[in-house]
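**Student:** Dumping the structure here so I can ask a few things about it.
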Amino acid sequence: MAQSLSRRAEETLSTEMFLSPYFSLVRNNRFHPTHNRKGIVDLGLAENKLCARELEKKLSSIAREPEDQSLQFYDKSTGNTELKKSVKKFLETRFHAREELSLENLFITNGVTVILEALSFALAEPEDYIMVPSPYYYRINSDLFDRPRVHVLEVKLPYTPTKGSGCTYEHDVRAFEDALIKAKIEGKKIRALLLVNPHNPTGDVVTRQQLLDILDFAQRNDLHIIANEIYGLSVYEPDVEFTSILSLEHPDPDKVHFTWGFSKDFGLSGYRCAVLYTRHQLLCKYVSLTAIYFRANGLIQLRLKSMIEDEEWLDKTFFPTMKQRMLERYHLYKETLEKLDVQVHPSKATIFIWADFSKYLRKKSFDNEKKLFESFLKAGVFLLPGESCFSKDPGWFRIVAALDDEVNNEGLERLVQLLKSIKISDSLQ
């Protein structure tokens with residue numbers, strides 16, 4: 001059987017992560033407040049449902065609008081021209097673009113995943129490396145490697161433990177410099193640096209000065225920058241300012257590539273629509289030639305165009321509501337978990353709670369982290385363990401805190417009850 005597949009396929013199968021069987025288990029027995037109350041509460045899948053009702057109302061009203069006959073036929077594989085015009089204005093306004101964006105450099109795709117894959121194909125050779133600061137979202141490995149065969153060069157972010165608030169991670173350019181020197185000594189070819197900002201899983205927001213330092217580092221070392229700002233509009237802490245890569249002057253503008261999507265900030269993961277912006281002319285040509293493989297759905301593009309053009313709804317209803325609800329969720333988890341000796345990282349953005357459960361490990365090790373993860377699962381709640389996010393230390397877990405009220409509350413309650421039972425068990429020993 002093994003010989004019936006190509007070597008490429010076998011290599012992909014060999015990289016399957018240890019969580020894969022658990023994903024299937026959860027997917028086939030997911031908790032539902034009425035249909036499956038005994039199922040597993042999935043606090044691992046990164047979906048934003050905080051404004052699902054508001055979105056349903058808005059999109060239903062758009063769906064009642066007349067649809068042009070052109071939707072029945074092929075459109076440009078690089079994206080509908082009218083949507084691109086709307087997205088151009090949206091990005092210039094919401095991400096405070098320093099310069100006017102060009103429609104010729106803007107592409108609409110069916111997700112950020114395929115953009116990362118396409119950039120891996122275009123910017124690197126098989127067996128080359130792209131730098132990624134860790135901890136990081138586990139699927140980045142797959143996006144870069146499954147088909148392009150490009151590896152992640154992990155750059156461990158330095159952090160300082162902070163009493164009462166987890167730790168402080170630093171996007172310190174010295175960490176990138178040290179990792180690059182070590183990689184070159186080992187004979188590794190580094191092509192690019194992938195920066196997810198705001199950061200998944202920590203919810204940190206990279207500062208303006210850190211971004212400038214990273215841009216300078218990339219220019220000095222002839223590296224591309226891939227700026228994935230898919231959570232760029234999900235900064236919920238009122239006093240924190242998000243700086244987009246689009247708002248900065250670039251020392252090497254042709255090698256800075258911006259991507260964003262509707263999946264997270266808008267909670268429309270099922271719509272599969274994302275954006276790439278690059279000024280690299282050969283890359284633009286490559287993406288144009290291959291865009292047929294990842295074109296976005298025409299009907300979806302039409303609906304999204306109408307949605308983002310309603311600036312009054314965005315400014316007065318959607319974004320204020322979404323950010324306020326996420327801020328409340330963050331404080332709910334922080335107040336609840338810290339009463340049980342779980343330190344919650346001081347996140348400022350995204351839909352995640354990054355929490356340190358290490359006091360519930362018999363001994364600090366990833367084997368014991370996995371045992372705690374399985375205890376959570378046995379109690380009917382699924383979280384992403386830190387090892388799957390390439391955390392430096394065991395005990396960290398990523399919790400998705402942007403789900404329906406009933407699902408969120410059930411999951412948090414199950415977590416609380418399990419942690420209390422562990423404390424009681426320990427006290428009896």
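The values are calculated or read from the model by the stated rules, or taken from the named source; none is laboratory data. Just so you know, these numbers come straight off a predicted model, no measurement behind them. In this analysis, Cβ positions are derived from the backbone assuming ideal geometry, glycine residues included, and neighbour counts consider all displayed protein chains. To get the accessible areas, we keep the full protein, side chains included, count just its heavy atoms, and leave off ligands, DNA and RNA. Shrake-Rupley method; radii C 1.70, N 1.55, O 1.52, S 1.80 Å.
**Student:** Work out how far the C-alpha atoms of segment 266-375 reach from end to end along every principal axis, then list the three figures in whole Å, largest first.
**Tutor:** 54, 37, 25
**Student:** Another question, if that's okay. Students sometimes get this wrong: rank Thr15, Thr202 by accessible area, probe 1.4 Å, all chains present, largest first.
**Tutor:** Numbers: Thr15 70, Thr202 0 Å².
Sorted by accessible area, descending: Thr15, Thr202.
**Student:** What percentage of the solvent-accessible surface of segment 8-72, computed with a 1.4 Å probe over protein heavy atoms, is contributed by carbon and sulfur atoms? Please report the intermediate quantities before stating the final value.
**Tutor:** Details: 2140 of 4420 Å².
C and S fraction of accessible area: 48 percent.
**Student:** Take segment 30-102, drop everything but the C-alpha atoms, weight them equally and run the Debye formula without solvent; then report log10 I(q)/I(0) at 0.14 Å⁻¹ to two decimals.
**Tutor:** Taking Cα atoms of segment 30-102 as identical point scatterers yields -0.84.
**Student:** Now for a separate question. When the scattering of segment 336-391 is computed by the Debye formula from its Cα atoms alone, each counted once and equally, what is log10 I(q)/I(0) at q = 0.15, 0.16, 0.19 Å⁻¹?
**Tutor:** Here the Debye-derived log intensity ratios amount to -0.45, -0.51, -0.73.
**Student:** I need the phi-derived Karplus couplings for segment 135-150: 6.51 cos²θ - 1.76 cosθ + 1.60, θ = phi - 60°, integer Hz, Gly and Pro marked x.
**Tutor:** x, 8, 4, 4, 6, 4, 4, 5, 4, 7, 9, 3, 10, x, 6, 9
**Student:** Give me the net charge of Glu56's neighbourhood, meaning all other residues with Cβ under 14 Å from the Cβ of Glu56; Lys, Arg count +1, Asp, Glu -1. Write out the running numbers ahead of the final one.
**Tutor:** Values: positive: Lys49, Arg53, Lys57, Lys58, Arg64, Arg303; negative: Glu54, Asp404.
Counting the neighbours of Glu56, the net charge comes to +4.
**Student:** Further, regarding this structure: Rounded, prolate or oblate: which one fits segment 365-425, using the alpha carbon gyration tensor with axes a ≥ b ≥ c (rounded when a/c is under 1.5, else prolate when a/b beats b/c, else oblate)? Each step should come with its number before you reach the end.
**Tutor:** On the way: a/c = 2.44, a/b = 1.26, b/c = 1.94.
The shape class here is oblate.
**Student:** Could you state the number of Å between the C-alpha centres of segment 65-132 and segment 261-276?
**Tutor:** Centre-to-centre distance over Cα atoms comes out at 12 Å.
**Student:** Which links in Lys184/Lys255; Lys188/Lys264; Lys85/Lys348; Lys38/Lys370 stretch past 26 Å when you go from one Cα to the other? Walk me through the intermediate numbers first.
**Tutor:** Details: Lys184/Lys255 20 Å; Lys188/Lys264 33 Å; Lys85/Lys348 31 Å; Lys38/Lys370 23 Å.
Check vs 26 Å cut-off fails for Lys188/Lys264; Lys85/Lys348.
**Student:** Based on the inverse mean of 1/r over its pairs of different Cα atoms, what is the Kirkwood hydrodynamic radius of the chain, in Å?
**Tutor:** 22.7 Å
**Student:** Quick one: with all protein chains in place, what share of the accessible area of segment 142-301 is carbon or sulfur, to the nearest percent (1.4 Å probe)? The partial results should precede the final answer.
**Tutor:** Numbers: 3320 of 6610 Å².
Looking at segment 142-301 in its full context, I get 50 percent from C and S.
**Student:** Out of segment 140-230, which GluC sites (Glu not before Pro) are coil in DSSP terms and have no more than 13 other C-beta atoms within 10 Å?
**Tutor:** On the way: sites: Glu154, Glu170, Glu177, Glu186, Glu229; in loops: Glu170, Glu186, Glu229.
In loop regions of segment 140-230 (DSSP not H, G, I, E or B), the sparsely surrounded GluC sites (Glu not before Pro) are Glu186.
**Student:** Which peptide among 37-45, 362-370, 107-115, 304-312 comes first, and what is the full order, when sorted by highest mean count of other Cβ atoms within 10 Å? Mind showing how you got there, number by number?
**Tutor:** Values: 37-45: 19.0, 362-370: 13.8, 107-115: 22.9, 304-312: 16.7.
For the peptides 37-45, 362-370, 107-115, 304-312, the packing ranking is 107-115, 37-45, 304-312, 362-370.
**Student:** Which of Gly386, Gly270, Gly261 ends up with the largest GNM mean-square fluctuation for the chain, with Cα atoms connected below 10 Å?
**Tutor:** Gly270
**Student:** Determine the calculated [θ] at 222 nm for the chain from helices alone, applying -39500 (n - 2.57) to every DSSP H run no shorter than 4 residues and normalising by the residue count; nearest 500 deg cm²/dmol. Provide the component values of the computation, followed by the final result.
**Tutor:** Numbers: 14 runs with 170 residues, N = 429.
The helix contribution divided over the chain gives -12500 deg cm²/dmol.
**Student:** State, in angstrom, two size descriptors of segment 180-290 derived from its alpha carbons: Rg to one decimal place and Dmax to the nearest whole number.
**Tutor:** Cα only, segment 180-290: 15.2, 45 Å (Rg, Dmax).
**Student:** Semi-axes of the equivalent ellipsoid for segment 1-45, please: Cα gyration tensor eigenvalues, times 5, square-rooted, ordered largest first, whole Å.
**Tutor:** Working: eigenvalues 219, 22, 8 Å².
Calculated on Cα positions only, the semi-axes equal 33, 10, 6 Å.
**Student:** Shifting gears a bit: Per residue, what accessible area does segment 1-111 have, given a 1.4 Å probe and all protein chains present, in Å²?
**Tutor:** Values: 7320 Å² over 111 residues.
Averaged over the residues of segment 1-111, the accessible area is 66 Å².
**Student:** Follow-up. Using Cα pairs under 8 angstrom and six or more residues apart, how large is the relative contact order of the chain, in percent? The partial results should precede the final answer.
**Tutor:** Working: 725 pairs, mean separation 96.9, N = 429.
Over the chain, the number comes to 23 percent.
**Student:** Using only the Cα atoms of segment 9-135, build the gyration tensor, take square roots of its eigenvalues as a ≥ b ≥ c, and label the shape rounded, prolate or oblate: rounded if a/c is under 1.5, else prolate if a/b is larger than b/c, else oblate. Mind showing how you got there, number by number?
**Tutor:** Values: a/c = 1.94, a/b = 1.15, b/c = 1.69.
It comes out oblate by the Cα gyration axes.
**Student:** Give me the percent of Cα-Cα pairs in segment 102-171 that sit more than 13 Å apart, rounded to a whole number. Spell out each step's value before the answer.
**Tutor:** Details: 1688 of 2415 pairs.
When all Cα pairs of segment 102-171 are counted, 70 percent exceed 13 Å.
**Student:** How big is the gap, in Å, between the Cα center of segment 144-220 and the Cα center of segment 337-406?
**Tutor:** 22 Å
**Student:** Using a cut-off of 17 Å between alpha-carbon atoms, which lysines can reach Lys339, once sequence neighbours fewer than 8 places away in the same chain are excluded?
**Tutor:** Filter leaves Lys163, Lys359, Lys420, Lys423.
**Student:** Taking H placed 1.01 Å from N in the peptide plane, check which residues at least 5 places from Leu153 or on another chain put their amide H under 5 Å from its amide H.
**Tutor:** Ile130, Met131, Val132
**Student:** In Å², and per residue, what accessible area does segment 315-384 have when probed at 1.4 Å with the other protein chains present? Please list the in-between numbers first.
**Tutor:** On the way: 3110 Å² over 70 residues.
Dividing the accessible area of segment 315-384 by its residue count gives 44 Å².
**Student:** Which ³J(HN,Hα) values in Hz, rounded to whole numbers, follow from the phi angles of segment 195-206 under the Karplus curve 6.51 cos²θ - 1.76 cosθ + 1.60, where θ = phi - 60° and Gly and Pro get x?
**Tutor:** Each residue's phi maps through the Karplus curve to give 10, 9, 9, x, 8, 10, x, 6, x, 6, 10, 5 Hz.
**Student:** Relative contact order for segment 358-399 using alpha-carbon pairs under 8 Å, separation at least 6, rounded to a whole percent? Intermediate values should be presented prior to the final figure.
**Tutor:** Values: 49 pairs, mean separation 17.3, N = 42.
So the answer I get is 41 percent.
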